[in-house]
Amino acid sequence: MPEARLGKRLFLQGNIAVGEGAIAAGARFFAGYPITPSSEIAHHAAYCLPKVGGIYIQMEDEIGSISAIIGASMAGAKVYTATSGPGISLMNENIGLACMVEAPCVLINVQRAGPSTGLATKPAQGDFFQIRWGTHGDHSIIALSPATVQECFDLTIKAFNFAERFRTPVFVLMDEIIGKMHETIVVPNPQDIEIENRKLATCLPEEFKPYAYNEDLVPLFAPFGDIRINKANGSGHGQDGFPDNNPDNYDRLVRRLNDKIEKNKKRICLYKTFNCQDDTEILIIAYGCSVRPALAVIEQAARYGLKIGLLQLQTLWPFPDEIILKYSRKVKKIIVPELSLGQLRLEITRYIKDIPIKGVNKVGGMSITPEDIIKVIKAGNEE
Amino acid sequence: MKTPKVLIDYKLCKRCGICSHFCPKQVFVCDELNGAQVDKEEDCIACEKCVIMCPEMAIEIITQKEE
Amino acid sequence: MKYTGKKFIKKDSLPFFWCAGCGNGIILACLVRAMEENNFTQENTVIVTGIGCWGKADDYLNTHTFHGTHGRALAIATGIKLAKPSLEVIVLVGDGDGATIGGNHLIHAARRNMDITVIMSNNLNYGMTGGQYSGTTPYGSITSTSRYGHGEDEFNISELVKAAGAAYVAKETIANPLRLQKFISRALKKENGFRFVEAMSICPTHYGKENRLGKAAEMIEGLKKNSLKIDLIKDRRIDELTAKIIVGEYIDREVDGYIKRYREIQKKAQNKK
């Protein structure tokens, strides 16, 4: 088990790279509950966190896990948990709590085949909408998704930065393939890692309001124990944290929770492009494990005499509609490979109306292959 | 000892009748229309039973020392 | 009175939203007096609540507070205390919140002896949602969801928490607020481990009305009449006890507490190469 070593080349499993990224980002509190295929993240946290003065606690269930990290976050800690789809299902109520009390936290979901217990050891990408809309009520959320072990490390750090910056839960949406695979990664030196921390209140205690509105839409934070009294409240509240059921107040609150993320899309939406040229005819849009067969197709594209580009979405939520529009402007066809019956594809169809969008879909618990994608591309060409 | 002063905060009183029921000296009268009223303040022995039993934290007893 | 505890009450948020005669105000007054007695401050105290009538208690307090979700106050408090052990963390749960939906968190927090204090207001039903039966509703009683008499037996929640391993467990009714305050105070004073005080309360609006127990004052008299001190129970037969409210200190033992244990784990981890 690697320790929190920085500044070197390491051969790591995706799950472990997430753990290393968390510690590099300054996370010092993990509460979790064992579940395949995410358990290595808990093993890593239990081993590494006490070494750096941090806390690992295994709670009685996933509901307890998310509750504990939200509590710890409001006490000032950088916090995370790791689970899989069934665990997210249990956490959903308190994901809303984290949105509402504005507790920065990172939630790692190593996806497996659902619904229900499904196939515990097989990959899937069926939680795309669950992480966005799983908790009840209007809210926004941030979700990042790595496609390589290097990205597991890098995007976990980004996830913590976004969580702290916007005081919101942030998902790292993994899958069994990315979580369990090993690759060599370069871990930068600590001084080269950009770390963002939540902005702290500095006002006089009597002037402090835990949910004060400001231009930024993100309230300044005072941890429990501060001389500024913090009132975390999952029910409708005013700027002072005390209950407020006034319709205008509540309307304004829900809009602010939404806007603080949706109005910062430009900053949050991360992506990569491969071979996207002016004359690209076919655009593959993918995330997570489905990026890998898509990359193989790009490499072979010339062999088939096709002009294919790949848009890899690293940020899934808030949905990068503008980026998708930009790269699909001139293409003739969009291909969306994913280990679901078309969740990402469905979201894309909300924005792209005039270009055919074909899915490459598998839900049997096996990876998509380059051949699967080629087959769909060719079938379309013959039409 | 002078007679203690029994103060009821009527912004808080909900007329539950607990104070008058538990007062050992029947200092209060209470009905659902008017709530608790201090009736025989001179009988108050400042035991503060009403203060600790009031679910609204609405009663205060002020004991004054002899001049 | 030596301690009023009023410095912890946010005056402009009064009156309490609870019904006339509700026992919650009596328990809250006991709590703030015990906090003052133990020199707690606004800054070093976090009160964590769940959902329910008693879960609204944080609305009247000017300490740090966390008003969380139904049943999860104990898990939230666990995170707060672990992340910042210097804080005094007090959890307020009702019988629905703590003994029913959150029962699993309760027994596990007691088992791992998290260094927090729990004050449970037990009024034998869900008040906020309209008087349905909870995990502590006695067999045979009428609630809005047991119109023909409740068919289940209830938890003796203090015995349960004691069996789970808590450092301190006490139970008292709101008929004896000074003794209730004393138990809360002892719980707050204890340095290590899980502390649990069960306050037997009343719900005149639902449980009292459904079971024809009279007005608030009569219900409190009923609690008093049915109370039996724990040191007297040896002489009594068990079947007689089941109808009684056993009050007193169920357990008061010295334990490490989880914070101390985890510090040792951190030390071991840091010494290992």
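The values are calculated or read from the model by the stated rules, or taken from the named source; none is laboratory data. Note that this is a predicted model, so its numbers are computed, not measured. Using ideal geometry, Cβ is built from the backbone for each residue, glycine included, and neighbour counts are taken over all protein chains shown.
Look at C:R112 and say whether it is at the interface with chain A (Cβ under 9 Å from one of its Cβ atoms) and modelled with pLDDT of 95 or more.
yes
For the list (1) in contact with a Ser or Thr (Cβ under 9 Å, 6 or more places away or on another chain); (2) free of Cβ contacts under 8 Å to residues at least 60 places away in the same chain, I need the number of the one condition that A:E371 fails.
(1)
Failed condition for A:A24, given (1) surrounded by fewer than 23 Cβ atoms within 10 Å (Cβ to Cβ); (2) in contact (Cβ under 8 Å) with a residue 24 or more places away in the chain; (3) over 18 Å from the mean Cα position of the chain (by Cα), with all others met?
Here A:A24 clears every test but (3).
Looking at segment A:225-239, which of its residues are more than 27 Å from the chain's Cα centre (by Cα) and in a loop (DSSP other than H, G, I, E, B)?
Hits for segment A:225-239 are A:G225, A:D226, A:I227, A:R228, A:I229, A:N230, A:G238, A:Q239.
Which pairs have Cβ atoms under 7 Å, sit 6 or more apart or on different chains, and link a residue in segment C:23-35 that is outside any helix (DSSP H, G or I) to one that is among the β-branched types (V, I, T)?
C:G23/C:I174; C:G23/C:I202
Condition check: more than 7 Å from chain A (Cβ to nearest Cβ), in a strand (DSSP E or B) and closer than 19 Å to A:G76 by Cβ. Does C:V93 satisfy that?
Here the answer is no, as C:V93 does not meet what is asked.
How about segment A:1-84: which strands (runs of 3 or more DSSP E) wholly inside it have at least 1 residues that are among the hydroxyl-bearing types (S, T, Y)?
Of the strands (runs of 3 or more DSSP E) lying wholly inside segment A:1-84, those with at least 1 residues that are among the hydroxyl-bearing types (S, T, Y) span A:55-58, A:79-83.
Quickly run through segment C:1-22 and pick out the residues that are farther than 23 Å from A:V101 by Cβ, more than 9 Å from chain B (Cβ to nearest Cβ) and in a loop (DSSP other than H, G, I, E, B).
C:K2, C:Y3
Could you please find all residues in segment C:36-62 being in a loop (DSSP other than H, G, I, E, B), in contact with an Asp or Glu (Cβ under 9 Å, 6 or more places away or on another chain) and touching a residue at least 24 places away in the same chain (Cβ under 8 Å)?
If the condition is that a residue be in a loop (DSSP other than H, G, I, E, B), in contact with an Asp or Glu (Cβ under 9 Å, 6 or more places away or on another chain) and touching a residue at least 24 places away in the same chain (Cβ under 8 Å), then C:N38, C:F40, C:N44, C:G50, C:I51, C:G52 are the ones that fit.
Report, by residue number, each residue of segment A:59-107 that is more than 10 Å from chain C (Cβ to nearest Cβ) and of a type in the set (S, T, N, Q).
Those that are more than 10 Å from chain C (Cβ to nearest Cβ) and of a type in the set (S, T, N, Q): A:T81, A:T83, A:S84, A:S89, A:N92.
Please go through segment A:303-337 and pick out each residue that is crowded, with 23+ Cβ neighbours inside 10 Å and assigned to a helix (DSSP H, G or I).
Result: A:S328, single match.
Conditions (1) among the charged types (D, E, K, R); (2) in contact (Cβ under 8 Å) with a residue 24 or more places away in the chain; (3) within 30 Å of A:S140 (Cβ to Cβ), marked per residue:
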residue	(1), (2), (3)
A:K265	yes, yes, yes
A:K272	yes, yes, yes
A:E281	yes, yes, no
A:I285	no, yes, yes
A:A302	no, no, no
A:L306	no, yes, no
A:G309	no, yes, yes
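If a residue must be out of contact with any Gly (no Cβ under 8 Å at 6 or more places or on another chain), charged (D, E, K, R) and not in a helix (DSSP H, G or I), how many such residues does segment A:141-182 contain?
1
Would you pick out the residues in segment C:118-146 that are closer than 17 Å to C:L160 by Cβ and in a strand (DSSP E or B)?
C:V118, C:I119, C:M120, C:S121, C:N122
Restricting attention to segment C:36-60, and to residues there that are more than 9 Å from chain A (Cβ to nearest Cβ) and of a type in the set (A, V, I, L, M, F, W, C), which single residue is nearest to A:E60 (Cα to Cα)?
The extreme case among them is C:I47.
Among C:A166, C:A199, C:A175, C:A170, which is the only one that is modelled with pLDDT of 95 or more, in contact with a Cys (Cβ under 9 Å, 6 or more places away or on another chain), of a type in the set (G, A, S) and outside any helix (DSSP H, G or I)?
On inspection, the qualifying residue turns out to be C:A199.
Sort out which residues of segment C:254-273 are more than 14 Å from every other protein chain (Cβ to nearest Cβ) and exposed (fewer than 12 other Cβ atoms within 10 Å of the Cβ), and write them in order of number.
Correct list: C:E254 only.
Kindly check whether there is at least one residue in segment A:261-274 that is crowded, with 16+ Cβ neighbours inside 10 Å and more than 23 Å from A:Q343 (Cβ to Cβ).
yes
Which one of the conditions (1) within 24 Å of A:V254 (Cα to Cα); (2) in contact (Cβ under 8 Å) with a residue 40 or more places away in the chain does A:S67 fail to meet, given that it meets all the rest?
Of (1) within 24 Å of A:V254 (Cα to Cα); (2) in contact (Cβ under 8 Å) with a residue 40 or more places away in the chain, only one is false for A:S67: (2).
For C:A243, state whether it is away from chain B (no Cβ under 14 Å) and assigned to a loop (DSSP other than H, G, I, E, B).
For C:A243, the condition - away from chain B (no Cβ under 14 Å) and assigned to a loop (DSSP other than H, G, I, E, B) - is met.
One line per residue, one yes/no per condition, for (1) within 11 Å of chain C (Cβ to nearest Cβ); (2) modelled with pLDDT under 95; (3) out of contact with any strand residue (DSSP E or B) (no Cβ under 6 Å at 6 or more places or on another chain); (4) surrounded by fewer than 16 Cβ atoms within 10 Å (Cβ to Cβ):
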residue: B:V6; (1), (2), (3), (4): no, no, no, no
residue: B:C30; (1), (2), (3), (4): yes, yes, no, no
residue: B:G35; (1), (2), (3), (4): yes, yes, yes, no
residue: B:P55; (1), (2), (3), (4): yes, no, yes, no
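Taking C:N176, is it farther than 24 Å from C:V118 by Cβ and either loosely packed, with under 14 Cβ neighbours inside 10 Å or out of contact with any Asp or Glu (no Cβ under 7 Å at 6 or more places or on another chain) (or both)?
no
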